[in-house]
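Heads up, the thing below is written out as structure tokens.
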Amino acid sequence: MQGLYRIALLPGDGIGPEVIAEAVKVLRVIESFHNLIFRFQTGLIGGCAIDATATPLPAETVSICNNSQAILLGAVGGPQWDSKRPEARPEQGLLQIRKRLGLFVNLRPVKVLDSLAHLSAIKPALVRGTDMMIVRELMGGIYFGNPRGIFAKNGEKMGVNTEIYREHEIERVAHRGFQLARTRRRKVTSVDKANVLEASQLWREVVTRIGHGYPDVELNHLYIDNCAMQLIERPTSFDVVLASNMFGDILSDEAAMVAGSIGLVPSASLGEQTALYEPIHGSAPDIAGRNRANPIAAILSAAMMMRYSFRMDGAADAVETAVERVMKRGMHTAEIAGRGRAASTSRMGSLIAEETGKVLKAQSLPKKKKRG
Ligand code: NAD
């Protein structure tokens, strides 16, 4: 395997730079092993970009992203920017880059390994075997709809947001959901609130219609409130969970706790071209700068980049196996270890990078022929 791969690094705020540094350690191992070149270019996004340039997504960052084949992002936001107008907040940097790159679907895998079921916030017997992919619509819905704002009416303030879904927005994310289900256990659970919201009624109607084109995939519908409950009660029954922007956002944080920590869940945001990879967690200001954050979600996001952008399934498998092995050895960062001995962010990254090298080496060794 040889070649040059251009990757934009957008570490962002809080623990973002800490976890991205560890993902880069792992990418460097893949690079050296496969004799290829990852050319990294770093850009500002979020609060650090506001401080330096007065905008959450500077033109230079957009240009770096446009010149890259894939983007690895840490997290944005923090209390020091919370008082800004909504359109000048760090989170706008993220929403804008998703929109500019046309990233309309966000994949969030949540898997519980048998040997690690005890890490879950829920009873191990319930979560053992959980393996779901949350497919979240990313460019529509209430996060983008207009009108929005805080207005004054009759001497009282009024907060307004609008949920809008057009047919084509639902169609394209539904197709991705059904296609993905075909590579897994062929089951799609579509989430909505069709008993109350018109946007959800259309969602259900369109998903059902698209589903007719995938007769080999089982489709069922759940209301968001019921789904939130069932995710805890019987998480193993879910395969692909197809949800709108806001419902997918909320359900994936909930599902992360099924896995044991928000620091374990990666994501891939895909459109037609350049894709963006990021952990699902935020900037965690409460632990930022203390070498305490779990870098695994960022490292697994880099693995998703190998799989979806660069078609390097072997490298992605190697990173995922390395993460499993290190965790099976009982190495955990503080939010999982609790009162036990915790590995720091940088130690965890180094262990996984080292283990990734071992797995890659084993992958490249010629398989022993069976005798007889
Ligand atoms: P958060 O995900 O940052 O933190 C929630 C809790 O999880 C905190 O207790 C934190 O310490 C812990 N946590 C998060 N990631 C962790 C990790 N890798 N290892 C160990 N513990 C981890 O969510 P929040 O507190 O609601 O938001 C903080 C800031 O992040 C806000 O400004 C918010 O807007 C922003 N945010 C950004 C993104 C993003 O960049 N994609 C996503 C969510 C929130």
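At each listed q (0.09, 0.10, 0.12, 0.13 Å⁻¹), what is the log10 of I(q)/I(0) that the Debye formula gives for the chain modelled as equal alpha-carbon point scatterers? Calculated log10 I(q)/I(0) at the listed q: -0.52, -0.64, -0.94, -1.10. Over the residues of the chain, the helix contribution to mean residue ellipticity at 222 nm works out to -13000 deg cm²/dmol, using -39500 (n - 2.57) for each DSSP H run of at least 4. In this rough spin-label picture, where each label sits 7 Å from Cα along the Cβ direction, the E205-H168 distance is 1.9 nm. Of S63, S190, S267, the residue with the greatest mean-square motion in the GNM of the chain, using alpha carbon springs below 10 Å, is S63.
Peptides 243-253, 192-202: what's the order by average Cβ count within 10 Å, highest mean first? Before the final figure, lay out each step's value.
On the way: 243-253: 21.7, 192-202: 16.7.
Ranking, from highest mean packing down: 243-253, 192-202.
Work the Kirkwood hydrodynamic radius out for the stretch 34-97: mean of 1/r over every pair of different alpha-carbon atoms, inverted, in Å.
Working: mean 1/r = 0.0804 Å⁻¹.
It works out to 12.4 Å.
Under 5 Å from the amide H of G145 lie the amide H atoms of T162, I164, each residue being 5 or more positions distant or on a separate chain, with H modelled from the backbone and absent for Pro and chain starts. Couplings 3J(HN,Hα) for the stretch 317-324, derived from phi with the Karplus relation 6.51 cos²θ - 1.76 cosθ + 1.60 (θ = phi - 60°), are 4, 4, 5, 5, 5, 4, 4, 4 Hz, where x marks Gly and Pro. Legend: distances between Cα atoms for K99/K193; K328/K358; K111/K358; K123/K193; pairs beyond 20 Å are K99/K193; K111/K358; K123/K193. The stretch 58-190: percent of C-alpha pairs farther apart than 22 Å? Here the long-distance tail beyond 22 Å is 59 percent of all Cα pairs in the stretch 58-190.
All C-alpha to C-alpha distances of the stretch 104-263, sorted into 10 Å bins beginning at zero, yield P(r) values of 11, 38, 31, 15, 5, 1 percent in whole numbers.
Sorted ascending by nearby beta carbons within 10 Å, beginning with the fewest, L101, L180 become L180, L101.
If you take every DSSP beta bridge whose two residues both sit in the chain, what share of them, in percent to the nearest 5, is antiparallel?
Working: 18 of 45 bridges.
Percent antiparallel among DSSP bridges in the chain is about 40.
So for each of 277-290, 127-140 I average, over its residues, the number of other beta carbons within 10 Å; can you give me the resulting order with the highest mean first?
Working: 277-290: 20.6, 127-140: 22.9.
Highest-to-lowest ranking by the protection proxy: 127-140, 277-290.
Couplings 3J(HN,Hα) of the stretch 237-242, computed from phi: 7, 8, 10, 9, 10, 9 Hz, in residue order, whole Hz [Karplus 6.51 cos²θ - 1.76 cosθ + 1.60, θ = phi - 60°; x for Gly and Pro].
Bear in mind that the values in this text are calculations on the coordinates, not laboratory data. The shown structure was predicted, so the numbers you read here are calculated from the model rather than taken from an experiment. Reconstructed Cβ throughout: ideal geometry from the backbone, glycine too, with neighbour counts over all protein chains shown.
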